[in-house]
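No lab work stands behind these numbers, since they all come straight from the coordinates. Remember, it's a predicted structure, so these values are computed and weren't measured experimentally. Counting neighbours? That spans all protein chains shown, and the Cβs are built from the backbone with ideal geometry, glycine included.
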Amino acid sequence: HAKAAGRNTYQMFTSEMHTAARQRLAIENSLRSAVANDEFVLHYQPQVEPGSGNMVGMEALVRWQHPENGLVYPDRFIPVAEETGLILEIGRHVFEKACRQAARWRDEGLCFGKIAVNLSARQLRQPDFPEMLSAIMKECGVEPGMMELEVTESMTMERPVESTRILGALKAMGIGLAIDDFGTGYSSLSYLKLFPVDKLKIDRSFVKDIEVDPDDAAIASATIAMAHTLEKKVCAEGVETRAQLDFLVQHGCDIIQGYIFSKPLAPDEAGRYLAQQRGRGASEA
Ligand code: C2E
Ligand code: MG
Ligand code: MG
Ligand code: MG
């Protein structure tokens, strides 16, 4: 009896694995054609300096405009892209699109600060990564100071010495650097001191209950204080409410990103948002 049950479990397990594997393979195949057919689009989410209301950045967030399934969010396909290595090609497309957008907004006289682009671990470690980015920026006619890269703690802590070297090269080129999802990964404070990053982004999970959960409040305020001691800026992600905003501003958070200002916007909507900001007298980039 037990044996039969075991076998059933086994069969169920393998058939589930088959389905999962088939789904992965299907995603992988359609990701390949998505690259070829240029099906990736970037949406942009404003990053605002709360005191002045100035625009300091736009984070580029990739979406897959699937011909049948509509808009697919990154959590659905970035992991597969990472596993298959397709992330290198997708990542290059993303960076190039972001650069073209930066050049366009600059030419339209819109002040966006910097465009921030998310990276995966494999991208950072591909050979001649800084040189590749430099070539793309030259081709698009953008200055490195118009671009920022977001890396995660886990990504950099996997190989901290190598990462420090690569980040150093990027920094020397004049590209801005931020640590994304700060506080969620394994990190070392001594490496944090060595990483030449300009900014820490407090993860949304600490912001969510910031006014009610004393632990989250403590983590957020300690992160802000520590970042400032290390002469880094702090950006809070996922700020949705006035109470969250007030807490963060009171504790000296430099930059706010979240639905309270805007959801990620399609390129034309993002352009209109920037034009409105200019109307309200935002700073010159
Ligand atoms: P992330 O970089 O931490 O991006 C923040 C995510 O939080 C975005 O989700 C954004 O839409 C969402 N968000 C922003 N403000 C709020 C808010 O106020 N409330 C709530 N509930 N959510 C908010 P999205 O666009 O689905 O991106 C998810 C993740 O996918 C990103 O997290 C990033 O890690 C990854 N990703 C996005 N674009 C790229 C890319 O081009 N390359 C790579 N490698 N990863 C990317
Ligand atoms: Mg990010
Ligand atoms: Mg994040
Ligand atoms: Mg994330």
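Over region 130-181, what is the relative contact order in whole percent, taking alpha-carbon pairs under 8 Å and six or more residues apart?
Details: 43 pairs, mean separation 25.3, N = 52.
RCO, region 130-181: 49 percent.
Taking Rh as the Kirkwood radius, which is the inverse of the mean 1/r over Cα pairs, what is the Rg/Rh value for the chain? Could the numbers behind the result be given before it?
Values: Rg = 20.7 Å, Rh = 20.3 Å.
On the Cα set of the chain, Rg over Rh gives 1.02.
Over the chain, what is the relative contact order in percent, taking alpha-carbon pairs closer than 8 angstrom and at least six residues apart? Show your work: numbers first, answer last.
Values: 432 pairs, mean separation 53.4, N = 285.
Dividing the mean separation by the residue count of the chain yields 19 percent.
In which sequence would 234, 161 go, from the one with the fewest C-beta neighbours within 10 Å to the one with the most?
Least to most surrounded, the residues fall as 161, 234.
Which cross-chain or sequence-distant (5 or more) residues have an amide H under 5 Å from the amide H of residue 266, H modelled 1.01 Å from N in plane?
Amide H to amide H, under 5 Å and 5 or more residues apart or across chains, residue 266 pairs with 44.
Below 8 Å, C-alpha to C-alpha, sequence gap of six or more: please give me the relative contact order for region 1-159 in percent.
Numbers: 172 pairs, mean separation 30.3, N = 159.
It comes to 19 percent, rounded to a whole number.
Largest first, please: the extent of the C-alpha atoms of region 155-209 along each principal axis, to the nearest Å.
37, 22, 16
What size of dipole, in debye to the nearest 20, comes out for region 187-285 about its Cα centre when the only charges are +1 on Lys and Arg C-beta atoms and -1 on Asp and Glu C-beta atoms?
Working: 12 positive and 15 negative charges, 72 e Å.
The dipole of region 187-285 has a size of about 340 debye.
If you plug each phi of region 116-121 into the Karplus form 6.51 cos²θ - 1.76 cosθ + 1.60 with θ = phi - 60°, what whole-Hz ³J(HN,Hα) values come out, in order, with x for Gly and Pro?
Rounded to whole hertz, the list is 9, 10, 7, 10, 9, 4.
For a footprinting-style exposure proxy, rank 44, 73, 186 by other Cβ within 10 Å, fewest first.
Details: 44 26, 73 13, 186 8.
Neighbour counts put them in this order, fewest first: 186, 73, 44.
Short version: what are the Cα gyration tensor semi-axes of region 186-285, square root of 5 times each eigenvalue, largest first, in whole Å?
Working: eigenvalues 137, 64, 30 Å².
Its equivalent ellipsoid spans semi-axes of 26, 18, 12 Å.
List, in order, the whole-Hz ³J(HN,Hα) value for each residue of region 22-37 obtained from phi through the Karplus relation with A = 6.51, B = -1.76, C = 1.60 and θ = phi - 60°; use x for Gly and Pro.
4, 4, 4, 4, 4, 4, 4, 5, 6, 5, 4, 6, 4, 5, 5, 8
May I ask for the angle, rounded to the nearest 10°, between helix 214-229 and the longest principal axis of the chain, with both axes built from Cα atoms and the value confined to 0 to 90°?
Helix 214-229 sits roughly 60 degrees off the main axis of the chain.
Would you mind ranking 15, 205, 30 by Cβ crowding within 10 Å, fewest neighbours first? Could you put the intermediate results ahead of the total?
Numbers: 15 10, 205 14, 30 20.
Final ranking by Cβ density, sparse to dense: 15, 205, 30.
Could you work out the percent of alpha carbon pairs in region 201-247 separated by over 12 Å, rounded to a whole number? Present the calculation step by step, with values, prior to reporting the outcome.
On the way: 623 of 1081 pairs.
The share of Cα pairs beyond 12 Å in region 201-247 comes to 58 percent.
Under a 5 Å amide H to amide H cut-off, with H placed in plane at 1.01 Å, what residues pair with residue 72 once short-range neighbours are removed?
64, 65, 66
Charges on Cβ only, +1 for Lys and Arg, -1 for Asp and Glu, centred on the Cα centroid of the chain; of 53, 188, 135, which one is farthest towards the dipole's positive end?
The residue sitting farthest along the positive end of the dipole is 135.
For the chain, give the magnitude of the charge dipole about the Cα centre (Cβ charges: +1 Lys/Arg, -1 Asp/Glu; no others), in debye to the nearest 20.
On the way: 31 positive and 40 negative charges, 92 e Å.
With only Lys, Arg, Asp and Glu charged at Cβ, the dipole is about 440 debye.
Distance cut-off 29 Å, Cα to Cα: go down the list 193/263; 138/208; 97/208; 171/208; 97/193; 114/263 and report the pairs above it. All intermediate terms of the calculation are to be shown ahead of the outcome.
Details: 193/263 32 Å; 138/208 40 Å; 97/208 31 Å; 171/208 31 Å; 97/193 32 Å; 114/263 17 Å.
Beyond 29 Å between Cα atoms: 193/263; 138/208; 97/208; 171/208; 97/193.
Would you kindly calculate the mean projected area, averaged across all directions, of the convex hull enclosing the Cα atoms of region 66-207, in square nanometres?
Details: hull surface 39.2 nm².
For region 66-207, averaging the hull's shadow over all directions gives 9.8 nm².
Using only Cα atoms and rounding to the nearest 10 degrees, what angle (0 to 90) does helix 87-107 make with the longest principal axis of the chain?
30
In sequence order, what are the phi-derived ³J(HN,Hα) couplings for region 75-85 according to the Karplus relation 6.51 cos²θ - 1.76 cosθ + 1.60 with θ = phi - 60°, rounded to whole Hz, with x for glycine and proline?
My calculation for region 75-85 gives 4, 7, 10, 4, x, 5, 4, 5, 5, 8, x Hz in order.
Just the isolated ones, please: cysteines in the chain lacking another cysteine beta carbon under 4.7 angstrom.
That list is 111, 235, 253.
So if I place +1 on the C-beta of Lys and Arg and -1 on the C-beta of Asp and Glu, and nothing else carries charge, what would the dipole magnitude of region 125-242 be about its Cα centre? I want it in debye, nearest 20. Write down the numbers at each step before the final one.
Values: 13 positive and 21 negative charges, 83 e Å.
With only Lys, Arg, Asp and Glu charged at Cβ, the dipole is about 400 debye.
Can you list residues from other chains, or at least 5 along the same chain, whose modelled amide H is less than 5 Å from the amide H of residue 199?
Those qualifying (amide H under 5 Å, at least 5 residues apart or on another chain) are 177, 179, 233.
Please give the helix 129-140 orientation as an angle from the longest Cα principal axis of the chain, in degrees from 0 to 90, rounded to the nearest 10.
Computed tilt is about 60 degrees.
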